[in-house]
Every structure is written in C-alpha cells, then in structure tokens.
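This report concerns only the one structure given below.
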Amino acid sequence: MLAQDKEVNVKRLTQMSMGIVSGVLLGAFAPSSFAIEVLTKDDFVNNVVKKEQLVKVADNAIFLLDTSSSMNEKFAGTDVPKIQVMKNVLEQRNGWFPDIGHHIGIYTYTDWQDNYPVQLYNREKVGAALASVRDKGKGPTALNSGLQKLEPILKQLTGRTAVFVFSDGEYTGADPGGTARRLAKNYDICFYVISTATPKRETALRDDIASLNNCSRLIPLADFVNRPEYTTGALYDVKVTEQVVTSTQQRITGLKTDDINFATNKSELAAEDKKELDKIAEFMSAKPEAFAMIAGYTDDVGSRDHNEGLSRRRAEMVGRYLKEAHGIADDRITLFWYGPNNPLVANDSAENQAKNRRVEIRVGLREAT
C-alpha cells in the first residue's frame, strides 16, 4: 500500500442551537467534496437536505433505555431527572430525524418493555413509543438480562446495527461484559453507551467498551445531549459526492489545509501536518466558541474492523494533538471514524485509494451566549 495521502478540509458548520460566522478563514476556499457535516434541525424541517444526499453508515438503530431507580437522580447542574433528560433528547431528535430507511427499535431494558419493536422508522409511531416510556425510574438495572434479550432481535436483522445503551455504569445481577462481547463477536454491531456513570466508573467502562470492537464507544450523557451529531454520525453521513446547500446563506467554506499523510498502518503526525493543525488550534484558541469535528476514513484494503480501528487511531491522533499541544478541551472536539465507508472516489487505483485514506476536519462557532 502507498503512504496515505490524508486530506484535511476545514470549513465552518451550522449545528442545532449553533450559529455560523461569516467571512472566510485565511482567504482560501475549501473544496465542495467532503463527507462529515453537521446539519441543523431547520435543514431537515425545511426539506433542504434530500434523502439522496445522505448515506447510511448503519442500517438499524436499537435504543436500550435505562428506567431504573438511579435514573431519578438529577442530571448534572440541573433539577431535571436523568430519565427525563434521556426522554427529552430522544423526543427532540425524533422530530427532525431524516427518514432514509433505517430500521429502529426502542426497548426499556429495566423491567423489559417493547416500546417500539424493530421496524421501519416512522416518526409518529416512534414519538408515541417514546412518550410511553415512564417518567419516573424504578427497580434495578438488569443490563445483562437486557443484552440477552437483544440477541434474538439481532438475529432478525441484516446489515450493521447501532445499539445505543443508556447506562449509569452500574448493574444488578450478572456482569453484562461477557454478553456484550459475545454479541459484538457474533453480530455486525456497534455499541454506543450513553453514560451517566461516576467519573471513576466511566473510565473503567470506557476501556471495557473499547475492547468490544473498533466501532463501539462511550459517550457521556452531557455530550450526547449537547452534540446531536453523536446520534446522526452513528447512523448516517453526508455523501461525499453531494454538496448540501442549506437553508441559510451564512454557511460558508473555510480554509483548506495541506494534506495530512500517514505511513501505512501508522498514525504519527509529520511535522508539516502539525503546522497545519497549529493553524486550526490558533483559530480555536482565539475563538473560545469554536468547535472541531474530526473524522477518519480509509480505503477498502483489509478488513472493515481493521480499517475502522486505523481510521479511529488517526482521528484520535489529530484530536490528541489539538488537546495536548494547544490545550483545546475535549468538549470542543468530536471524533468520528468510518473506515472504508463513504469513499471520496472509487477504490479502483492506488492513486484513488490514497485519496480515500483521509482525515476531514470541520471547524465552526457555537452560538454566542
């Protein structure tokens, strides 16, 4: 394989509850072909984003909801119980989630309930199912039992399944780790654990989830609430061959950095790559409201799991550099990794494969408060 020819494109984004700045960073336009994007609620409600402009990165989405007694605790910094925060954010996102053919399932795994047995997504029916979830938690957190009941559901499905597990990091009964590992081994599944665990427990939980496979991850509930892209990014991406023209003319392109290249199966940043990232960090340091989205992609050589791990390590390397070299906080960086999904060009030559082995970065500004 050739040394990898990574392209980093930086443009300002709109995001739900976010504004966008006008003007052009450093005077250079980014190209129109890109994949990662943050789309606003208005973009979907106003039918600006067309179905053909989106590509599924998962075929199915299953939501395992925690309604145990511990979910009655107040969400950090608020007087709202965690269980209500969970319901509210899912109901809000259902209001604008694009119908592009996902199969959706919603289940309460504490005192098991089939709120919405897996079927084609229907906004009204999903809304009713979420409304049926109880508002006050009760009983123990039988996570292992819930995961066991998940298996016959997975057997019915084809394609990749994203499983969003809401969890406080605790459980009653058997350790759910063994069941999760078996499911990850036997099915095409990615776990997204939405955590309300204590910091100490969350650290251990993060390591446990990372050991399942290369596409699974832990997401703190606060991040899940504040960054809707964690939901959408797990389920769809903008087709790299499409350019979304949004409902606002304030969306503009930003600077185009030099390509970031990696040696085969390596994730170290070269000195010239760091210089390009220094420019991004300089802007973000000057603009405390700035945020960055970083996504890794690969060509189609090798297994998907290997490529997802490779794209993850490279995206993490970029994020780590912004954090460690420049002090950009974690809550201003969102990472994605898609492996060979959504190629820039067909993987039909060494040159094109090199183009697909890329990291993309988008920088935007949160709405000033």
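The values are calculated or read from the model by the stated rules, or taken from the named source; none is laboratory data. Here the structure is a predicted model, which is why all the values come from computation and not from measurement. Heads up, the Cβs are rebuilt from the backbone with ideal geometry, glycines too, and the neighbour counts pull from every protein chain shown. With ligands, DNA and RNA removed, areas are computed over all heavy atoms of the protein, side chains included. Shrake-Rupley method; radii C 1.70, N 1.55, O 1.52, S 1.80 Å.
For region 199-231, what are the residues that are out of contact with any helix residue (DSSP H, G or I) (no Cβ under 8 Å at 6 or more places or on another chain) and closer than 18 Å to Tyr297 by Cβ?
Listed by number, the list holds a single entry, Glu229.
Quick one: how many residues across region 37-76 are part of a helix (DSSP H, G or I) and open to solvent by less than 10 Å² (accessible area, probe 1.4 Å)?
As a first pass, look at region 37-76 and keep what is part of a helix (DSSP H, G or I): 41-45, 51-53, 69-72.
Imposing the further condition that a residue be open to solvent by less than 10 Å² (accessible area, probe 1.4 Å) reduces the set to 43, 71.
Total satisfying the criteria: 2.
Could you please give the count of residues in region 79-138 that are more than 18 Å from Ala58 (Cα to Cα), small (Gly, Ala, Ser) and touching a residue at least 40 places away in the same chain (Cβ under 8 Å)?
Qualifying residue count, region 79-138: 3.
Counting just the residues of region 283-309 that are open to solvent by less than 10 Å² (accessible area, probe 1.4 Å) and of a type in the set (Gly, Ala, Ser), which one comes out nearest to Val345 (Cα to Cα)?
Initially, region 283-309 is screened for residues open to solvent by less than 10 Å² (accessible area, probe 1.4 Å), giving 284, 290-299, 307-309.
If we keep only those that are of a type in the set (Gly, Ala, Ser) too, we end up with 290, 292, 295-296, 309.
Numbers: Ala290: 30, Ala292: 24, Ala295: 17, Gly296: 15, Gly309: 21 Å.
Going through the qualifying residues, I end up with Gly296.
Go through region 121-224 and tell me which helices (runs of 4 or more DSSP H), entirely inside it, have 1 or more residues that are open to solvent by less than 30 Å² (accessible area, probe 1.4 Å) and within 20 Å of Leu90 (Cα to Cα).
Working: elements: 123-132, 143-155, 177-186, 199-210.
Where helices (runs of 4 or more DSSP H) fall fully within region 121-224 and carry at least 1 residues being open to solvent by less than 30 Å² (accessible area, probe 1.4 Å) and within 20 Å of Leu90 (Cα to Cα), they are 123-132, 143-155.
Checking Ser22 against (1) over 23 Å from Leu335 (Cα atoms); (2) touching a helix residue (DSSP H, G or I) at 6+ places or on another chain (Cβ under 8 Å); (3) of a type in the set (Ser, Thr, Tyr); (4) modelled with pLDDT under 75, which test does it fail?
The single condition Ser22 does not satisfy is (2).
Tell me whether region 77-94 contains one or more residues that are assigned to a loop (DSSP other than H, G, I, E, B), open to solvent by less than 60 Å² (accessible area, probe 1.4 Å) and of a type outside the set (Val, Ile, Thr).
Restricting attention to region 77-94, the residues satisfying the condition of being assigned to a loop (DSSP other than H, G, I, E, B) are 77-80.
Remaining after also requiring open to solvent by less than 60 Å² (accessible area, probe 1.4 Å): 78, 80.
Within this subset, residues satisfying the condition of being of a type outside the set (Val, Ile, Thr) are none.
There is no residue in region 77-94 that is assigned to a loop (DSSP other than H, G, I, E, B), open to solvent by less than 60 Å² (accessible area, probe 1.4 Å) and of a type outside the set (Val, Ile, Thr).
Could you tell me whether any residue of region 334-346 is within 19 Å of Glu282 (Cβ to Cβ), part of a strand (DSSP E or B), open to solvent by less than 40 Å² (accessible area, probe 1.4 Å) and at pLDDT below 95?
Here is the first cut: in region 334-346, the residues within 19 Å of Glu282 (Cβ to Cβ) are none.
Looking through region 334-346, none of the residues is within 19 Å of Glu282 (Cβ to Cβ), part of a strand (DSSP E or B), open to solvent by less than 40 Å² (accessible area, probe 1.4 Å) and at pLDDT below 95.
Name the residues in region 259-282 that are open to solvent by 40 Å² or more (accessible area, probe 1.4 Å) and closer than 17 Å to Gly319 by Cα, would you?
Within region 259-282, the subset open to solvent by 40 Å² or more (accessible area, probe 1.4 Å) is 259, 261, 263-266, 268, 271-272, 274-275, 278-279, 282.
Asp259, Asn261, Lys266, Glu268, Ala271, Glu272, Lys274, Lys275, Asp278, Lys279, Glu282, listed by residue number.
Does region 139-160 hold any residues that are more than 21 Å from Lys56 (Cβ to Cβ), of a type in the set (S, T, N, Q) and out of contact with any strand residue (DSSP E or B) (no Cβ under 8 Å at 6 or more places or on another chain), and which are they? Don't jump to the end; show me each part of the working.
We begin by selecting, within region 139-160, every residue more than 21 Å from Lys56 (Cβ to Cβ); these are 139-149, 151-152.
Next, from what is left, pick out any that are of a type in the set (S, T, N, Q): 141, 144-145, 148.
Matches in region 139-160: Asn144, Ser145, Gln148.
Just checking, does region 324-335 include any residue being among the polar types (S, T, N, Q) and without any contact (Cβ under 8 Å) to a residue 60 or more places away in the chain? Lay out the reasoning, then the answer.
Here is the first cut: in region 324-335, the residues among the polar types (S, T, N, Q) are 334.
If we keep only those that are without any contact (Cβ under 8 Å) to a residue 60 or more places away in the chain as well, we get none.
There is no residue in region 324-335 that is among the polar types (S, T, N, Q) and without any contact (Cβ under 8 Å) to a residue 60 or more places away in the chain.
Among the residues of region 177-211, write down those that are touching a residue at least 60 places away in the same chain (Cβ under 8 Å) and touching a Leu at 6+ places or on another chain (Cβ under 8 Å).
Going residue by residue through region 177-211, those that are touching a residue at least 60 places away in the same chain (Cβ under 8 Å) are 190, 194, 196.
Across region 177-211, the qualifying residues are Ile194, Thr196.
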